[in-house]
Amino acid sequence: MPTVTVTRTYLRLPSRDAARPRRAGDQRLTLERLAPCPAPLYRTLYRDVGRDWHWLDREAWSDERLATHLGGSGVSVHVLRVGDEVAGYFELVRHERGDVEIAYFGLVPRFVGRGLGAHLLSEAIDAAFALDATEVWLHTCTLDHPAALANYRARGFEPFRVETYEASLP
C-alpha cells in the first residue's frame, strides 16, 4: 500500500450570519432527515459518497457500533435526493459544549459538478444551526474532492487548524 502525506484542515462557521448559502434551482431536490438512519443504508451512503476519497474509518465499525452511533441523540443523517435518486448526504454530530460538527458530507459521483455541493452544504449549515449550534465546524483533507475546501470557504467557513499525517492507501 502506498503511503501519502495528507493535510487536514479544520474549519468553523461561528454563526448563522457568517454563512453564505447558495441554493440550486432544481425543483426536484428534496432533503430528508433519517431518524435514525438504518446502519445498512448508512453503509451504502458512506461507500457511494466516500469511495473515491478513501473514506475508511466507518468501514471498520461493526453493525452494532454503527447502529448505536446513528441512534445517538446528538447524531442526525440527512439525504439529498434529485427526484428518486440519492445525490448525497451529510451527518451532523451535536457535541455537549453546543457546537455541531458536520462529520461527513458529500455527493454521489454522478452528481458532482452540478452545483449540488454548495446547495447540500447550505442545507447542512441550516440543519446544524436549527440544533441551536453555538458554531458549526468540519474538517477536510487533501484526499477529499479538490473543490471541497473552496466550497467550505465560499459558504463562510474559516480555517482554525491545519495538521499533516501519513496515510496508507489501499
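Numbers at a glance
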quantity: Dipole in debye (nearest 20) - region 15-170, about Cα centre, beta carbon charges: Lys, Arg +1; Asp, Glu -1; calculated: 460 debye
quantity: Accessible heavy-atom area order of V79, V162, highest first, probe of 1.4 Å; calculated: V162, V79
quantity: Cα-based convex hull volume of the chain per residue, rounded to whole Å³; calculated: 118 Å³
quantity: Most fluctuating residue given options A128, A24, A118, as computed from a GNM of the chain linking Cα atoms under 10 Å; calculated: A24
quantity: Alpha-carbon centroid distance for the pair region 36-51 / region 82-129, whole angstrom; calculated: 13 Å
quantity: Inter-site label distance for R22 and T44 at 7 Å from Cα along Cβ, in nm; calculated: 3.0 nm
quantity: Contact order normalised by residue count of the chain, Cα under 8 Å, 6+ apart, percent; calculated: 41 percent
quantity: Rounded accessible area of S76 (nearest 10 Å², 1.4 Å probe); calculated: 10 Å²
quantity: Label-zone membership for region 82-121, site T134, 7 angstrom Cα→C-beta point, backbone N under 12 Å; calculated: 95-100
quantity: Prolate/oblate/rounded label for region 79-164 (Cα gyration tensor, a/c 1.5); calculated: oblate
quantity: Positive-end residue, the chain charge dipole about Cα centroid, Cβ charges, pick of P38, A60, V4; calculated: V4
quantity: Size of electric dipole in region 69-149: Cβ of Lys, Arg +1 and of Asp, Glu -1, about Cα centre, debye, nearest 20; calculated: 240 debye
quantity: Neighbourhood net charge (14 Å Cβ-Cβ; Lys/Arg +1, Asp/Glu -1) for S15; calculated: -2
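The values are calculated or read from the model by the stated rules, or taken from the named source; none is laboratory data. Keep in mind it's a predicted model, so treat the numbers as computed, not measured. Neighbour counts are summed over all protein chains in view; Cβ atoms, including those assigned to glycine, are modelled from backbone coordinates with ideal geometry. The accessibility values were calculated without ligands, DNA or RNA, using every heavy atom of the protein model including side chains. Shrake-Rupley method; radii C 1.70, N 1.55, O 1.52, S 1.80 Å.
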